[in-house]
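What follows is a single structure, written as structure tokens, with notes after it.
What follows is calculated from the coordinates using simple rules that are stated; it is not laboratory data. The shown structure was predicted, so the numbers you read here are calculated from the model rather than taken from an experiment. As a convention, Cβ positions derive from the backbone with ideal geometry for all residues, glycine included, and neighbour counts pool all protein chains shown.
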Amino acid sequence: MTSVFTLSTGTVSRPGTKAIHVFVRVTGDDGTVGWGECRPAEMWSYETARTVVATIRHHLAPALVGRDPFDLVGAHEAMSRAILRGTTTGQPIAKSAVDLALHDWIGRKTGLPLWRLLGGSKREVVLSYTITAHTPEGAACDVQEGRRRGYRHFNFKVGAEARGDIVLARALRELVGPDAYLWADANGGYDLPTARRVAREFERIGVDVLEQPLRPGDLIGLRRLCACTVLPIAVDEGLVSPADLLHLIHLGAIDVVVGKITRSGGLWPSRQIYDLGRAAGLPLLLSGLADATCTLLCAASLASAYAVTSPCALNGPQFLDDWTHVGEPAVAGDRVLLSDRPGHGAVLDVERIEREAAALGL
């Protein structure tokens, strides 16, 4: 990690700390290889690197070996039988790494770039810069750095203290100007009365969207909040599966769909979530988990396929020193550049990945 990353729930990382990623290699009978990866992080999920590795090696891989790699529906059904759904999708982060590897394999086998394979038309996807400072002075420094790196749109973390969040939002809108997309993310940090008060103030200030104001699973609270505010309410942590979105839509507890392919078990379930959201007339956002280039390109391919118009909070390039990708840069300024190479387009340093994995004992 290259800089401090904090949420309402605490500090995710500091400069120099390691961000463990798990890489998955799928090999077909003809030798065609597909690569996927995921980032398990205890601050975001109950899944850790060791549980992901154990899940894939001992449960998902035995269920998939010998299957047709083109059969994505069958692959996900097999993974769901191997690790059953409970109150959430069973081990979605582990499943997402396998899913991305299968999509990469299909792209390489067919000779198609992933963004084309998914139906995309745009080769560039616009990014949002993540503000983690919680004071106007710190935010001003973050905005200056973001602009220096070519970013025009910004998302910022709230949820720790309402009064300070309102002051921060007002300062940020003045700093970034009226045309920048300004996205607040509470990571479930508010209770309902606080969320109502903050949402009213954010409306006046001109914040474009408030993401996950209440704890995941508080559907009644989200419904009541959506009913009393004009500010669009987005759901992230509380939206893991297509079934979750159906419940949210039915209750009127969501205004904006946030896609996150690692959280949702990969591209296949994420496409179902986006299809439902689009059918319900809901705007689409996309975010990540400070992922490596492999996931970044897969997520950007999804954004291209669904013509996501809002800037994407895929902040891996901002926070992560990714040595695993050794191809040409995937990001220029605030844009992801999608490759014409078959598959997702990441060129991985396979030998070093294998050395690092061996050193970690995974």
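Below is a table of values for the structure above.
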quantity	calculated
Karplus (6.51, -1.76, 1.60) ³J(HN,Hα), θ = phi - 60°, over the range 164-173, in Hz, Gly and Pro reported as x	x, 5, 5, 4, 5, 4, 5, 5, 5, 4
Derived scalar couplings ³J(HN,Hα) [the range 235-251; Karplus, 6.51 cos²θ - 1.76 cosθ + 1.60; whole Hz; x for Gly, Pro]	10, 10, 4, x, 10, 9, 9, x, 4, 4, 5, 4, 5, 4, 5, 4, 7
Magnitude of the charge dipole, the range 124-337, Cβ model with Lys/Arg +1 and Asp/Glu -1, debye to 20	460
Ascending count of other beta-carbon atoms within 10 Å, so fewest first, for Arg163, Arg173, Arg263, Arg215	Arg163, Arg215, Arg173, Arg263
Residue exposure sequence - Leu282, Leu210 - by fewest surrounding Cβ within 10 Å	Leu282, Leu210
Label-point separation, Glu328 to Arg278 (7 Å along Cα→Cβ), nm	2.8
Summed residue charge, Cβ within 11 Å of Leu348's Cβ, Lys/Arg positive, Asp/Glu negative	-4
Sequence of Val347, Val176 once ranked by neighbouring C-beta atoms within 10 Å, starting from the fewest	Val347, Val176
Table column - 3J(HN,Hα) (Hz), the range 135-152, Karplus curve with 6.51, -1.76, 1.60, x for Gly and Pro	10, x, 5, x, 5, 4, 5, 5, 4, 4, 5, x, 5, 4, 8, x, 8, 10
Lys, Arg +1 and Asp, Glu -1 on Cβ, resulting dipole of the range 276-362 about Cα centre, debye, nearest 20	380
Values of log10 I(q)/I(0), in the order q = 0.07, 0.08, 0.11, 0.14 Å⁻¹, for the chain under a Debye, Cα-only, solvent-free model	-0.28, -0.37, -0.71, -1.17
Antiparallel %, DSSP beta bridges [both residues in the chain], to 5	45
Dipole axis of the chain (+1 Lys, Arg; -1 Asp, Glu on Cβ), positive-most option in Val198, Phe23, Ser264	Val198
Using a Förster distance of 51 Å, the FRET efficiency for Arg197-Asp68 (Cβ separation, nearest 0.05)	0.45
Relative contact order computed over the range 124-337 (Cα-Cα under 8 Å; 6+ residues apart), in percent	21
Among Leu284, Pro136, Leu302 - extreme Cα towards positive end, dipole of the range 124-337, charges at beta-carbon	Leu284
Total charge dipole magnitude, the chain, about the Cα centre, Cβ charges on Lys, Arg, Asp, Glu only, Debye to nearest 20	320
Formal net charge of residues neighbouring Gly281 (Cβ-Cβ distance under 14 Å; K, R +1; D, E -1)	-1
